[in-house]
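Read the structure below first, then the notes.
Derivation of every value follows stated rules applied to the coordinates shown; laboratory data play no part. Predicted model, so just to flag it, every value in this text is computed and none were measured. So basically every Cβ, Gly included, is an ideal-geometry build from the backbone, and we count neighbours across all protein chains shown.
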Amino acid sequence: MFRNLAANLVLHERIETTEAKAKELRRVAEKLVTKATRLGKVAFTPQADLKPAEKALRLHATRLVSSFIQRFGVRTNPGGEHEKIDLVEKLFTDLARRFEGRPGGFTRTIKLGPRRGDGAPLVLIEWVVKPEPKAVAVVEAAKA
């Protein structure tokens, strides 16, 4: 269950779940991001630019993370199209770069109130640092 929750958190970057599951998911997700961030710049440097020793470090960390979460996830775009995303690569390229230099505390939980039906407390768990909007990144890249 926590493998699927962690994969969905990496894929969607925020999920709604019960408070008890979110508290345990936080431990799992923080360990996954820590594995990626401890590599430093090796985590998000293109493979062709790495030395053989750095490739070995990255491969080892990638295999450790792959043994826990599934490799690919499918996200449905607003247009109804399905997009296949490499979760491990997203963890190492996007999330490692986003949390570079941060010592911990990668997730936050926001209480939403009781769930209708059984009254279980619901929370929204998400990454603390938001991704850059793609449109802003494209405009800034065009200016440079």
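General observations
- Neighbours of Arg3, meaning other residues whose beta-carbon lies under 14 angstrom from its beta-carbon, give a summed charge of +3 when Lys and Arg score +1 and Asp and Glu score -1.
- Likely footprinting exposure, Thr62, Thr109, Thr17, Thr76, fewest C-beta neighbours within 10 Å first: Thr76, Thr109, Thr62, Thr17
- Using alpha-carbon coordinates, inclination of helix 134-143 to the longest axis of the chain, degrees: 30
- For the chain, the longest principal axis of the C-alpha atoms and the axis of helix 19-37 are separated by about 0°.
- With the convex hull constructed from alpha-carbon coordinates only, the chain shows a mean projected area of 10.8 nm² over all directions.
- Cross-link table Lys21/Lys41; Lys35/Lys111; Lys41/Lys111, entries beyond 30 Å C-alpha to C-alpha: Lys21/Lys41; Lys41/Lys111
- Taking other Cβ atoms within 10 Å as a rough exposure proxy, Phe2, Phe92 sort from fewest to most as Phe2, Phe92.
- Considering only Ile85, Ile125, Ile15, the mean-square fluctuation computed in a Gaussian network model of the chain, springs between alpha carbons under 10 angstrom, is largest for Ile85.
- Environment charge of Thr18, counting only residues whose C-beta is closer than 12 Å and scoring Lys/Arg +1, Asp/Glu -1: 0
- The relative contact order of the chain, computed from alpha carbon pairs under 8 Å that lie at least 6 residues apart in sequence, is 32 percent.
- Whole-Hz Karplus values for segment 77-90 come out as 6, x, x, x, 7, 9, 10, 8, 10, 7, 5, 5, 5, 5 Hz, taken residue by residue from phi with 6.51 cos²θ - 1.76 cosθ + 1.60 and θ = phi - 60°; glycine and proline positions read x.
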